[in-house]
Amino acid sequence: MYPGPHVTKVSPQFGVTKNPKGTILDISGDNFACPGGDCSKIGVRFTNYKGDQIFVKGKMSSSGTIQCTEPEYPSPETLSVDVSFNGLDWSNDAVNFSYVDPFVLGVKPRLISPRGDTKLLVEGFGFAATGDDEKQQIAFAHDYIPCVSGGKTATKVYKVLSEMQVQVDSFDQN
Amino acid sequence: MKLATGTKNIGFEPMTVQIRNPDGEYDPNDIYIYYYKEPTVQKQSAEFSYINEDKMIIFNVDFGWGTENKHDVFRDNANLTCRFSSSKNGSGIIYTDAFMETSPMGSMKLKSYPDQIRCRSPIWESPEQIKLDVSINGQNYYGDFPFTMVDPISTLRLSPLSGPIDGGTLLTIYGSGMNASIPQEVEVLVKFGNIMTQPVDKSNITDIEWSDDDYYEELHLTEKLVKQANGNWDDIEDKKHVDRYSGAITPNISHYFDFTPPDVKGAGGVIPILIGENVGINVTDHRENSTSYRSKIED
């Protein structure tokens, strides 16, 4: 008998659906130990709200966390993440990983004040409140190229109203 | 913060809003937004509205059409709105839809661009001084003009209720709001059906307060008509202050029917009597091909 694993954190907590960059997830927790020193059966399980499951192989890192490749997933949703060291017994700690794939369908209003005091309501799907301002940013683009200000991409942090709506301040034109 | 694309200021070029994904990339889309040059909105055409009417209000506007504000972009994307804000109650705000129009109406066909915004006043709860402004996008407002909601204009009773078709009967109209206009000189008109209007001589308006007995006596009603009057007693009761206007002269109905429509059977009958004011809208003269269509400045 040995104590079962518990997952406490997944990093990063958000990813894109097709994972074009092959992002590696770092899963930390308690009681992470390979039984009998055999780490060949480490697995990571992702479960969606319907109970559908995706299994990927994991490996133990030198810092004692489990690493796996973020699996591709077809839609922006939140899945719970569990680990197993023997392929049979899984943690069950409701630690989540979210797929964020923002897609814009509409913006209101379409005419904006040069003073920068127009609040834009962006509608679409795949928005998620990440709690991380770095990940909740918009840019204005012309010919698909983000505008710049002071040599850097001009961005604003948006507020997530729902998975289908976000609100963001506009830029001052001048 | 000066927005630029490359080294060029963004100006009034179409733009899109791109959302950054967790990989740090901005996904493109084709939903365009536009900065606009702020319009110059002149004071509205009327300073007041009766609280029970939806009055046409006209703002003359310099939209700055040209390279900055493009008419087709406004036509497709503007959300024109009038905002009526109560001074008593911060949450007492009513929005009404507005639209762009050329003046005179019809000159759009002659390639003129809009130079007016028009909207209608809302039904308001009680008389008060309010603020009125107008928006291009439904969010940023211009104007902050004073506007007054005044007593409702209404017709409660007429006396007498009938008269000869030759006209000339002096009519007494009982109602409210006839003296409420701002400024006081604004004409109030009486209209008999669709026949004609005549301005009310405001010196003939008196304020009265009725008791039950006075009410019936004042109206010179037969017993039969008292029954009808009873049906509208609530109207009277709600309006302790009532105006009495004696002076509208009934028009010559037979003369009117002689010229339009010409073949009407008989000239008697019931006609509605309206009381209100004119809103001046200019309409241009124009003709199209051989089918003549002509209009001129009308009520």
Say we join alpha carbon atoms closer than 10 Å with springs in a Gaussian network model of chain A; which of A:58, A:37, A:131 then has the biggest fluctuation? A:37
Relative contact order of the stretch B:49-172, pairs being alpha-carbon contacts under 8 Å that are 6 or more residues apart, as %: 31 percent
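Looking at chain A, which longest stretch skips every one of the chymotrypsin sites (Phe, Trp or Tyr not before Pro) that is in a DSSP loop with at most 15 other Cβ atoms within 10 Å, leaving the sites themselves out?
Details: sites that count: A:49, A:144.
Result for the longest clean stretch: A:50-143.
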If a paramagnetic tag sat 7 Å from the Cα of residue B:198 along the Cα-Cβ line, which residues of the stretch B:160-185 would have the backbone N under 19 Å from that point? B:160-175, B:178-179
Tell me, what is the percent relative contact order of the stretch A:44-168, built from C-alpha pairs under 8 Å that lie six or more residues apart? 17 percent
Excluding residue B:60 itself, calculate the net charge of residues whose Cβ lies under 11 Å from the Cβ of residue B:60, where each Lys or Arg counts +1 and each Asp or Glu counts -1. -1
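Taking the number of other C-beta atoms within 10 Å as the exposure measure, put A:147, A:34, A:68 in order starting with the fewest.
Working: A:147 24, A:34 13, A:68 21.
The most exposed by this proxy come first: A:34, A:68, A:147.
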Evaluate E = 1/(1 + (r/R0)^6) for residue A:130 and residue A:94, where r is the Cβ-Cβ distance and R0 equals 22 Å; express this FRET efficiency to the nearest 0.05. 0.80
For the stretch B:89-105, in order, what is each residue's ³J(HN,Hα) by Karplus, 6.51 cos²θ - 1.76 cosθ + 1.60 with θ = phi - 60°, in whole Hz (x at glycine and Pro)? 10, x, 8, x, 10, 10, 9, 10, 5, 10, 8, 8, 8, 8, 10, x, 4
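For the stretch A:1-158, state the average projected area of the convex hull of the C-alpha atoms over all orientations, rounded to one decimal in nm².
Working: hull surface 48.7 nm².
Result: a mean projected hull area of 12.2 nm².
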Once you have the Kirkwood Rh of the stretch A:49-131 from its Cα pairs, apply Stokes-Einstein at 20 °C and 1.002 mPa s and quote D in µm²/s. 131 µm²/s
Counting Lys and Arg as +1 and Asp and Glu as -1 over every other residue whose Cβ sits under 10 Å from the Cβ of residue B:98, the net charge comes to +1
Between residue A:26 and residue B:13, how high is the FRET efficiency from 1/(1 + (r/R0)^6) when r is the Cβ-Cβ distance and R₀ = 60 Å? Nearest 0.05. 0.90
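Which chymotrypsin sites (Phe, Trp or Tyr not before Pro) in the stretch B:30-119 pass both tests, a DSSP loop state and at most 15 other beta-carbon atoms within 10 Å?
Details: sites: B:32, B:34, B:35, B:36, B:48, B:50, B:59, B:63, B:65, B:74, B:84, B:95, B:99; in loops: B:36, B:63.
Nothing satisfies the criteria.
No lab work stands behind these numbers, since they all come straight from the coordinates. For clarity, every value in this text was computed on a predicted model and none was experimentally measured. Every residue, glycine as well, gets a Cβ built from its backbone with ideal geometry; the counts of neighbours run over all protein chains shown.
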